Amino acid sequence: MKRKREGFTLVELMVVAVIVAILAAVAIPLMSANKTRAMATEAEAGCGTIRTALRAMFAETSNYTVGLNGSLGTAYAATALPGIGAGDLDGRYFDDGCYSVAAGATTYTITCSGAASGATQAADVSGVTVSLDDDGAMLKTIL
(Lines give C-alpha, C1' and ligand atoms only; values in the text may rest on other atoms or scores of the structure.)
Protein backbone atom coordinates (compact mmCIF):
# COMPACT_ATOMS: atom_id res chain seq x y z
CA MET A 1 0.00 0.00 0.00
CA LYS A 2 1.26 3.42 -0.96
CA ARG A 3 1.12 6.21 1.52
CA LYS A 4 -0.37 9.49 0.36
CA ARG A 5 1.67 12.42 1.57
CA GLU A 6 -0.13 15.59 2.55
CA GLY A 7 1.22 19.07 3.14
CA PHE A 8 3.20 21.72 1.35
CA THR A 9 6.60 21.39 -0.21
CA LEU A 10 9.43 23.72 0.67
CA VAL A 11 9.23 25.35 -2.76
CA GLU A 12 5.54 26.15 -2.30
CA LEU A 13 6.20 27.71 1.10
CA MET A 14 9.06 29.80 -0.33
CA VAL A 15 6.84 31.08 -3.17
CA VAL A 16 4.19 32.16 -0.66
CA ALA A 17 6.84 33.88 1.50
CA VAL A 18 8.16 35.81 -1.50
CA ILE A 19 4.65 36.94 -2.49
CA VAL A 20 3.94 38.16 1.06
CA ALA A 21 7.27 40.05 1.13
CA ILE A 22 6.50 41.79 -2.18
CA LEU A 23 3.04 42.82 -0.99
CA ALA A 24 4.48 44.17 2.27
CA ALA A 25 7.16 46.13 0.40
CA VAL A 26 4.49 47.83 -1.69
CA ALA A 27 1.87 48.37 1.03
CA ILE A 28 3.97 49.77 3.89
CA PRO A 29 5.08 53.01 2.13
CA LEU A 30 1.52 53.62 0.93
CA MET A 31 0.16 53.25 4.45
CA SER A 32 2.76 55.57 6.00
CA ALA A 33 1.90 58.28 3.44
CA ASN A 34 -1.76 57.92 4.37
CA LYS A 35 -0.83 58.37 8.04
CA THR A 36 0.89 61.70 7.32
CA ARG A 37 -2.07 62.89 5.24
CA ALA A 38 -4.38 61.95 8.10
CA MET A 39 -2.26 64.03 10.49
CA ALA A 40 -2.66 66.99 8.13
CA THR A 41 -6.43 66.89 8.68
CA GLU A 42 -5.83 68.36 12.13
CA ALA A 43 -4.26 71.39 10.45
CA GLU A 44 -7.17 71.59 8.01
CA ALA A 45 -9.61 71.64 10.93
CA GLY A 46 -7.63 74.42 12.62
CA CYS A 47 -7.61 76.45 9.40
CA GLY A 48 -11.38 75.98 9.19
CA THR A 49 -11.78 77.33 12.74
CA ILE A 50 -9.74 80.40 11.84
CA ARG A 51 -11.73 80.85 8.62
CA THR A 52 -14.95 80.88 10.65
CA ALA A 53 -13.55 83.59 12.95
CA LEU A 54 -12.43 85.64 9.94
CA ARG A 55 -15.81 85.35 8.25
CA ALA A 56 -17.58 86.43 11.43
CA MET A 57 -15.25 89.43 11.71
CA PHE A 58 -15.84 90.31 8.03
CA ALA A 59 -19.63 90.04 8.48
CA GLU A 60 -19.46 92.61 11.27
CA THR A 61 -16.89 95.02 9.85
CA SER A 62 -16.60 94.32 6.07
CA ASN A 63 -12.86 94.07 6.62
CA TYR A 64 -10.57 91.19 7.62
CA THR A 65 -8.10 93.40 9.48
CA VAL A 66 -10.28 95.62 11.68
CA GLY A 67 -9.15 95.29 15.27
CA LEU A 68 -5.82 93.74 14.32
CA ASN A 69 -2.70 95.79 14.92
CA GLY A 70 -0.41 96.21 11.92
CA SER A 71 -0.63 97.04 8.29
CA LEU A 72 -2.56 95.24 5.57
CA GLY A 73 -0.91 92.05 4.39
CA THR A 74 0.92 91.54 7.67
CA ALA A 75 1.04 87.97 9.00
CA TYR A 76 -0.84 87.70 12.29
CA ALA A 77 -0.91 84.96 14.88
CA ALA A 78 -4.26 83.19 14.83
CA THR A 79 -4.79 83.99 18.50
CA ALA A 80 -4.93 87.72 17.60
CA LEU A 81 -8.32 87.10 16.00
CA PRO A 82 -11.48 87.77 18.00
CA GLY A 83 -13.02 84.53 19.21
CA ILE A 84 -9.81 82.49 19.17
CA GLY A 85 -7.98 82.26 22.46
CA ALA A 86 -4.69 80.74 23.52
CA GLY A 87 -4.95 76.97 23.45
CA ASP A 88 -8.03 76.84 21.20
CA LEU A 89 -6.02 75.44 18.30
CA ASP A 90 -3.79 73.11 20.32
CA GLY A 91 -3.88 69.52 19.16
CA ARG A 92 -1.75 66.43 19.11
CA TYR A 93 0.32 67.48 16.08
CA PHE A 94 -0.24 71.24 15.69
CA ASP A 95 -0.56 74.05 18.24
CA ASP A 96 -1.35 77.79 18.26
CA GLY A 97 2.16 78.70 17.13
CA CYS A 98 1.74 76.85 13.82
CA TYR A 99 -1.04 79.05 12.47
CA SER A 100 -0.61 82.47 10.90
CA VAL A 101 -3.01 84.69 8.98
CA ALA A 102 -1.99 87.10 6.22
CA ALA A 103 -4.99 89.38 5.81
CA GLY A 104 -5.86 92.26 3.55
CA ALA A 105 -9.06 94.28 3.61
CA THR A 106 -10.96 91.71 1.54
CA THR A 107 -8.65 88.71 1.25
CA TYR A 108 -6.79 86.37 3.56
CA THR A 109 -4.51 83.36 3.56
CA ILE A 110 -4.28 81.05 6.55
CA THR A 111 -1.09 79.00 6.84
CA CYS A 112 -0.29 76.16 9.22
CA SER A 113 3.32 74.98 9.31
CA GLY A 114 4.24 71.80 11.13
CA ALA A 115 7.83 73.03 11.38
CA ALA A 116 6.67 75.66 13.91
CA SER A 117 4.76 73.16 16.03
CA GLY A 118 5.46 72.70 19.69
CA ALA A 119 2.80 70.02 20.14
CA THR A 120 3.49 66.61 21.66
CA GLN A 121 3.83 64.81 18.30
CA ALA A 122 5.36 67.75 16.40
CA ALA A 123 8.23 65.70 14.97
CA ASP A 124 5.75 63.65 12.94
CA VAL A 125 4.49 66.71 11.02
CA SER A 126 7.62 68.84 10.61
CA GLY A 127 7.30 68.66 6.81
CA VAL A 128 3.56 69.39 6.65
CA THR A 129 2.27 72.80 5.54
CA VAL A 130 -1.40 73.55 4.94
CA SER A 131 -2.72 76.81 3.45
CA LEU A 132 -6.28 78.02 2.99
CA ASP A 133 -7.27 81.20 1.16
CA ASP A 134 -10.43 83.28 1.06
CA ASP A 135 -11.64 81.40 -2.05
CA GLY A 136 -11.58 78.14 -0.09
CA ALA A 137 -8.58 76.73 -1.98
CA MET A 138 -6.66 74.31 0.22
CA LEU A 139 -2.98 73.66 -0.51
CA LYS A 140 -1.22 70.83 1.32
CA THR A 141 2.53 70.26 1.19
CA ILE A 142 3.70 67.01 2.74
CA LEU A 143 7.42 66.29 2.65
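Points worth noting:
- Meets criteria (under 27 Å from Pro29 (Cα atoms) and either at pLDDT below 90 or touching a His at 6+ places or on another chain (Cβ under 9 Å) (or both)) for Gly73: no
- Condition broken by Thr61, with the remaining ones in (1) in contact (Cβ under 8 Å) with a residue 24 or more places away in the chain; (2) farther than 26 Å from Asp90 by Cα; (3) hydroxyl-bearing (Ser, Thr, Tyr) satisfied: (1)
- Out of Ala59, Ala78, one residue alone is touching a helix residue (DSSP H, G or I) at 6+ places or on another chain (Cβ under 6 Å) and either over 25 Å from Val130 (Cα atoms) or among the aliphatic types (A, V, I, L, M) (or both). It is Ala78.
- Subset of the range 107-126 (residues that are of a type outside the set (S, T, N, Q) and either surrounded by 18 or more Cβ atoms within 10 Å (Cβ to Cβ) or under 20 Å from Leu139 (Cα atoms) (or both)): Tyr108, Ile110, Cys112, Gly114, Ala115, Ala116, Ala119, Ala122, Asp124, Val125
- Residues that are in a loop (DSSP other than H, G, I, E, B), under 22 Å from Ala86 (Cβ atoms) and touching a Gly at 6+ places or on another chain (Cβ under 8 Å), drawn from the range 105-143: Ser117, Gly118, Ala119
- Out of Ala25, Ala102, Ala53, Ala59, one residue alone is surrounded by 14 or more Cβ atoms within 10 Å (Cβ to Cβ), at negative phi and assigned to a helix (DSSP H, G or I). It is Ala53.
- Of the residues in the range 65-79, none is touching a residue at least 40 places away in the same chain (Cβ under 8 Å), touching a Ser or Thr at 6+ places or on another chain (Cβ under 7 Å), surrounded by 14 or more Cβ atoms within 10 Å (Cβ to Cβ) and assigned to a loop (DSSP other than H, G, I, E, B).
The values are calculated or read from the model by the stated rules, or taken from the named source; none is laboratory data. Keep in mind it's a predicted model, so treat the numbers as computed, not measured. Every residue, glycine as well, gets a Cβ built from its backbone with ideal geometry; the counts of neighbours run over all protein chains shown.
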